[in-house]
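Single-structure report; data block below.
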Amino acid sequence: MRFLLDDEQTEFGRTLDRMLTAAGTPAAVRAWSAGDTGPGRALWKRVADTGVFALAVPQEYEGMGSLPVELAVAFVELGRHAVPGPLVETVAAGVLLGGPAQCAGTAAADRWLPRIASGRAMVSLALPAGGPYALDMDTADVTFVVPGPGGTGQDRAELHTASGHGAVQPSLDPARRLAVPHIAGGVPLASGPEVGEAARTAADWAAFATAAQALGVGAALVERTVAYAKQRTQFSTTIGAFQAVKHRLADALTGLEFARPLLHGAAVALAGRSPDAGAEVAAAKVAAGEAAYAAARTALQLHGAIGYTAEYDLSLWIRKARALRSAWGSPSDCRARVLAAPGS
């Protein structure tokens with residue numbers, strides 16, 4: 001399949017790139033890591049104003065419907081600029097609440113989906129497929145939880161809002177804080193097999209958005225390392241002229257370019273609600289995550305120790321690449337899902 005973005009999709013990505021470049025995101029990331037979410041929330045509102053969060057919210061709730069291709073374009077740019085916050089979780093919550101039967105049409109959907117679409121709500125999420133932790137619960141306006149191990153679609157699942165959380169745990173990325181949500185007793189927001197189905201769909205969208213984010217992180221690492229290799233000199237020659245350096249950078253770029261069509265293929269599968277969409281997403285997630293991680297290793301090797309110092313901006317992307325590699329599906333889990341798909 002040959003996949004090409006149309007002019008509107010391309011311009012959407014360029015608009016986000018220009019806006020985020022002018023916003024000075026590294027300062028917002030550092031403030032977020034230090035517990036000051038003000039600059040990050042201001043950046044969040046600017047991202048929302050471009051319509052990013054509306055891309056996964058049904059039109060009847062002031063969204064644009066399910067547009068995974070445009071979402072991929074957006075999240076590549078969000079990763080390229082290392083934007084902090086529960087971006088993936090907010091989008092996945094929109095998919096969850098706008099999902100089938102008993103999720104859509106609930107009071108929670110009526111209350112939160114318009115706020116998600118407009119950027120007025122920052123949402124965290126904990127689903128069986130994502131592990132026990134929720135991202136940035138101490139910052140989010142609400143955290144939705146579907147407890148339990150998941151299942152085949154016949155299990156009775158429940159949707160809750162978290163009443164609190166356990167101790168905040170550090171992540172590989174200092175701008176990502178993790179905590180286990182607590183659920184108070186009482187009537188769930190929704191329950192039934194349809195909630196389990198919606199949770200699995202939301203988890204696929206979360207993995208998909210994470211893959212796009214990782215692809216953007218990897219692209220930023222390669223771009224910054226190429227620029228550095230053109231400036232740093234050894235033996236009176238820029239290191240970018242050395243064949244070994246060229247090979248490392250070419251390998252990193254090749255990995256990202258091989259992951260890109262898998263991401264686009266997953267977008268098409270999600271848009272068409274293909275039964276193979278989960279496996280397509282898993283393939284994109286493992287490819288993009290591993291490519292970004294390889295780009296991070298290359299960037300660190302070619303920069304030397306300065307690349308990992310907190311004062312140097314490159315470290316923001318290196319640490320994010322490591323965290324995204326296992327978020328919403330570890331490499332081994334994603335490979336197992338691909339191999340288990342029919343026809344594999």
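The values are calculated or read from the model by the stated rules, or taken from the named source; none is laboratory data. Treat the numbers as computed from the prediction; the structure is a model and nothing was measured. Note: ideal-geometry Cβ built from the backbone for every residue, glycine included; neighbour counts use all protein chains shown.
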R115 part of a helix (DSSP H, G or I), modelled with pLDDT under 95 and either out of contact with any Phe, Trp or Tyr (no Cβ under 7 Å at 6 or more places or on another chain) or surrounded by 23 or more Cβ atoms within 10 Å (Cβ to Cβ) (or both): no
How many residues, within the stretch 295-344, are part of a helix (DSSP H, G or I) and of a type outside the set (A, V, I, L, M)? 19
Residue pairs, Cβ under 6 Å, 6 or more apart or interchain, first in the stretch 163-176 and closer than 30 Å to P188 by Cα, second hydrophobic (A, V, I, L, M, F, W, C) and part of a loop (DSSP other than H, G, I, E, B). List them. S163/A184; H165/M137; G166/V180
How about the stretch 201-229: which of its residues are hydrophobic (A, V, I, L, M, F, W, C) and either within 29 Å of V146 (Cβ to Cβ) or not in a helix (DSSP H, G or I) (or both)? A202, A203, W205, A206, A207, F208, A209, A211, A212, A214, L215, V217
Could you check the stretch 230-275 and list, in sequence order, the residues that are outside any helix (DSSP H, G or I), modelled with pLDDT under 90, within 22 Å of A220 (Cα to Cα) and of a type outside the set (S, T, Y)? Q231, R232, F242
If the Cβ limit is 8 Å and pairs must be 6+ apart or interchain, which residue in the stretch 1-16 that is over 11 Å from E70 (Cα atoms) pairs with which residue that is modelled with pLDDT of 90 or more and acidic (D, E)? L16/E77
Restricting to the stretch 222-246, name every residue that is in contact (Cβ under 8 Å) with a residue 40 or more places away in the chain and in contact with a Gly (Cβ under 7 Å, 6 or more places away or on another chain). A229
Residue count, the stretch 121-140 (criterion: in contact (Cβ under 8 Å) with a residue 24 or more places away in the chain and not in a strand (DSSP E or B)): 13
If you check R248, R200, R273, which single one turns out to be basic (K, R), crowded, with 18+ Cβ neighbours inside 10 Å and within 25 Å of L96 (Cβ to Cβ)? R200
